[in-house]
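Readers should treat all values here as calculations from the given coordinates under stated rules, not as data from a laboratory. Every value quoted in this text rests on a predicted model; they were computed, and no experiment measured them. No Cβ is skipped: glycine too gets one built from the backbone with ideal geometry, and neighbour counts run over all protein chains shown.
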Number of protein chains: 4
Amino acid sequence: MNARERSRRETRRRLIEQGTLLFSEQGVAETRAIDIARAAGVAVGTLYLHFKDKYDLLRAILFEGIEELLASLRALTENPPPSLPVFVRRHCEIMVFFVEEHPMLCRVLFDPESVRTNVSTEITEYLVEMQKKRHRAEIKKKELASMPDPLVSAHAVVGMMLHILDWWTRHPDQITRERLINTLTSLRLSGWYQNKPCIEKDVSS
Amino acid sequence: MNARERSRRETRRRLIEQGTLLFSEQGVAETRAIDIARAAGVAVGTLYLHFKDKYDLLRAILFEGIEELLASLRALTENPPPSLPVFVRRHCEIMVFFVEEHPMLCRVLFDPESVRTNVSTEITEYLVEMQKKRHRAEIKKKELASMPDPLVSAHAVVGMMLHILDWWTRHPDQITRERLINTLTSLRLSGWYQNKPCIEKDVSS
Amino acid sequence: MNARERSRRETRRRLIEQGTLLFSEQGVAETRAIDIARAAGVAVGTLYLHFKDKYDLLRAILFEGIEELLASLRALTENPPPSLPVFVRRHCEIMVFFVEEHPMLCRVLFDPESVRTNVSTEITEYLVEMQKKRHRAEIKKKELASMPDPLVSAHAVVGMMLHILDWWTRHPDQITRERLINTLTSLRLSGWYQNKPCIEKDVSS
Amino acid sequence: MNARERSRRETRRRLIEQGTLLFSEQGVAETRAIDIARAAGVAVGTLYLHFKDKYDLLRAILFEGIEELLASLRALTENPPPSLPVFVRRHCEIMVFFVEEHPMLCRVLFDPESVRTNVSTEITEYLVEMQKKRHRAEIKKKELASMPDPLVSAHAVVGMMLHILDWWTRHPDQITRERLINTLTSLRLSGWYQNKPCIEKDVSS
DNA sequence: GATGAATGAGGATTCATTCAT
DNA sequence: GATGAATGAATCCTCATTCAT
């Protein structure tokens, strides 16, 4: 019984693992269900035993993979650092570290097919929602200027972060992790045109 | 001869027009070549007399459609307003106005298939390139802090702008055009956390 | 041991019961082996311990279910009523009563899959055979005109009866049981065009 | 233009022709779309250019094939012979002749798949409807006893006729065409148990 | 005896593109 | 130049049946 259940979970794990690999390597649309099954060492039918269809597997890969990131972000939100700059820098760090550790997952998340099937949109919306709540709290605490719109600025952060991270997974050599974190933190804290020393530099020391 | 040439151009125009309409309504991947031809009032074969294939039509739609935007942006760059805040605001305005006037084109630009086939990536890269040059010039003129990386910050602007604009074409009722421009200008000038009055507010007066 | 045997029979009974239910509700071809097993509260493998395959279950359902009908018909043949009209009416009654009491079984019997796999054909042939023997006996006894062909007229009775009964299980509200029996008896005794009072009416009194 | 249209029709004709052949030979469910196309000398895609799917082809085969039969039956109804027995005999003749001339079509009509997809049911219903109207007219003219139910007796005729004809296409050697027509006419006119000379015998002379 | 995870053959259908007319 | 019928490769998913536990 227990052995059977263990074997079942192991099969599922291998499908997720190989699905992530193939999806990230060749793109979701270009990956055949049968190839994933073969790579996982099972028959096609088995894939459909564990997942409704190819897109159900895609969802599982993304939602289960992203869970760790969301947990870190939630932890940050629940135990926020004393100062705002430190918070923003931590937020950037978490995302950059995650991307660095899960490059394949990110390739899948940014895959056009994830977008087309609204899987990544759901995740984006969730991040936007987290950010929006945070912004609202910050406005209350007068940490954040009463921006024209918390919703828009939340979308702006998420859009900027995701776009940059997507680009970085594709061109990891263009910038080091540290400089990337510094740049992102700086942009979020003071925008593109502040002529003063970047706040986060002091912070990281 | 001349009449024939005119008729030919007219056919091409209708293919572009109906292609934009259908691509934006049902998505690029979901639109059949035969449907575009039918909507344009010609036979499928005719589509292939004007365009190498379906993606050639997609490219034509996007590059010809985006030309106007690029022209406006180039004009702005070549005759920059005296002050930086005004420049940034104009830049945001141009993009928001363009999106407002060409919602269908934007839907096509952000379509997963445009992304997948790298058509929109080319356009994005072009925008990034423009932005990067601008940033470098600004750094020289000391208007811009020597950011950790002009390339990254260029990607960040473009990513933020495109993401927001994509979202706005889908949810035009969530925010007015004016508030959107204000928000974007403010974010670019002073980031998400400046506790002082938004710079562009003085400017717009 | 005895308990085990009892449990085994009980499992078999439930498979037949749920098979009949599901086959009649959704059609034989559309019913999955695993659904029948689940409905019967056992695993798929268990179904295959009791029946060679899905069609073996179908056969069991039909032959065991129809046994009662055949027994009644045999009893009628072995102890025939004195007069022919009474015999025909009894014959119709038996079939109509049976259909009324086993509507699900009839739905399964008339299912295209039962026809395709010749299961219902076997039953039809058996009924035809019974009828043919009866006709031959009747011809000998001069009760039946030396029809052009006893085989054909046997097929004709069976075809007519089955078709009508199939229709009736689907449209039970179109006619009452009594009227149906009268109509069938009348048709068999005097055909479609006899202008005299229906024979069986006197009989049923 | 005209040549193209002619070629298109010819292709369609060949698909219908070969579809009828293969459906009747191996059964509808067992016949692959690609086999029909190949037999018709075209690619699979072409089949789907002419018919929505395999069952659309099946419908076309049956409805177009049966049209001739329906036309004959309508002609009979519109110009009914003077006497009822002659009418019934003509009716039987038409159906028997049709079956004899189109055995493949009949095999397809009685195919379980035609039944399952309700194609043959629609045709049966149409025949029942014709018969019901006729019965009602006959009742008015006092030719037909006020049967318990014209609907049931209509279903009974159609069920009997179709069953017999189905059987005959499978066992054409069991009875000659003439005897079959005689038997059917006799059954319809006087039922299974009339001890007098068959009416239709006089008529056919 | 019972279980249920795994198997894998099998076929319908789509649609971008071509090319004879 | 325009037409549109024909092409056919390509892939998803189902489900009856098995057999190791």
Relative contact order computed over region B:1-80 (Cα-Cα under 8 Å; 6+ residues apart), in percent: 27
Debye intensity ratio in log₁₀ form over the Cα atoms of chain C, taken at each q of 0.08, 0.10 Å⁻¹: -0.34, -0.51
7 Å along Cα→Cβ, label-point gaps from A:Ile139 to other copies, nm, shortest first: 3.5, 7.7, 9.7
q = 0.07, 0.10, 0.11 Å⁻¹, the protein assembly as shown: log10 I(q)/I(0) [Debye, one scatterer per Cα]: -0.78, -1.05, -1.17
At 7 Å out from Cα toward Cβ: C:Gln26 inter-copy label distances (nm, ascending): 2.8, 3.2, 3.4
Chain B: most fluctuating residue of B:Arg14, B:Arg116, B:Arg32 per GNM, C-alpha cutoff 10 Å: B:Arg116
Residues A:Asn79 and B:Glu143, FRET efficiency given R0 of 30 Å [Cβ-Cβ distance, rounded to 0.05]: 0.20
Degrees between helix C:177-190 axis and first principal axis of chain C (Cα, 0 to 90, nearest 10): 50
Anisotropy class of region A:105-179 from Cα gyration tensor, a/c 1.5 cut: oblate
Sorted by Cβ neighbour density within 10 Å, fewest at the top, the residues A:Glu101, D:Glu122: A:Glu101, D:Glu122
Residue-averaged beta-carbon neighbours from other chains (10 angstrom radius) around D:18-26: 0
With eigenvalues of the C-alpha gyration tensor scaled by 5 and rooted, region B:1-51, Å: 22, 10, 7
Distances in nm from B:Arg8 to the matching label points in the other copies, shortest first (labels 7 Å along Cα to Cβ): 2.8, 6.6, 8.5
Degrees, to the nearest 10: B:84-101 long Cα axis against longest axis of chain B: 20
Loop GluC sites (Glu not before Pro), region A:1-92, which have at most 15 other Cβ atoms in a 10 Å radius of their Cβ (DSSP): A:Glu30
Sorted by Cβ neighbour density within 10 Å, fewest at the top, the residues A:Tyr126, A:Tyr193: A:Tyr126, A:Tyr193
Gyration tensor (alpha-carbon) shape descriptor, region B:21-84, a/c threshold 1.5: prolate
Mean Cα-pair separation over length for chain A, i.e. relative contact order, pairs under 8 Å, 6 or more apart, %: 21
FRET efficiency, 1/(1 + (r/R0)^6) with R0 22 Å, evaluated for B:Val44 and B:Asn2 via beta carbons: 0.25
Nearest-20 debye value, chain A charge dipole, Cβ charges on Lys, Arg, Asp, Glu: 400
Minimum Cβ-to-axis distance in chain B for the rotation onto chain C, with residue, whole Å: B:Glu30, 15
Where labels lie 7 Å past Cα in the beta-carbon direction, separation of A:Leu21 and B:Ile94 in nm: 4.8
Within 10 Å of each Cβ in D:158-167, the average number of Cβ atoms from other chains: 6
Neighbour-count order for A:Asp35, B:Asp149, C:Asp173, fewest beta carbons within 10 angstrom listed first: C:Asp173, A:Asp35, B:Asp149
Alpha-carbon centroids, region D:46-88 and region C:1-50: separation in whole Å: 43
Degrees separating the helix D:150-170 axis from the principal Cα axis of chain D, which is the longest one: 60
Most mobile of D:Pro82, D:Pro103, D:Pro172 in a GNM of chain D (Cα contacts under 10 Å): D:Pro82
Proximal aspartates and glutamates relative to D:Lys54, as straight alpha-carbon distance under 17 Å, when same-chain residues fewer than 8 apart are discounted: D:Glu17, D:Glu25, D:Glu30, D:Asp35, D:Glu64, D:Asp111, D:Glu113
Span from the region C:118-167 Cα centroid across to the region B:113-171 one, whole angstrom: 86
HN-Hα J in Hz across region A:136-142 - Karplus 6.51, -1.76, 1.60, θ = phi - 60°, x for Gly and Pro: 4, 4, 5, 4, 4, 7, 6
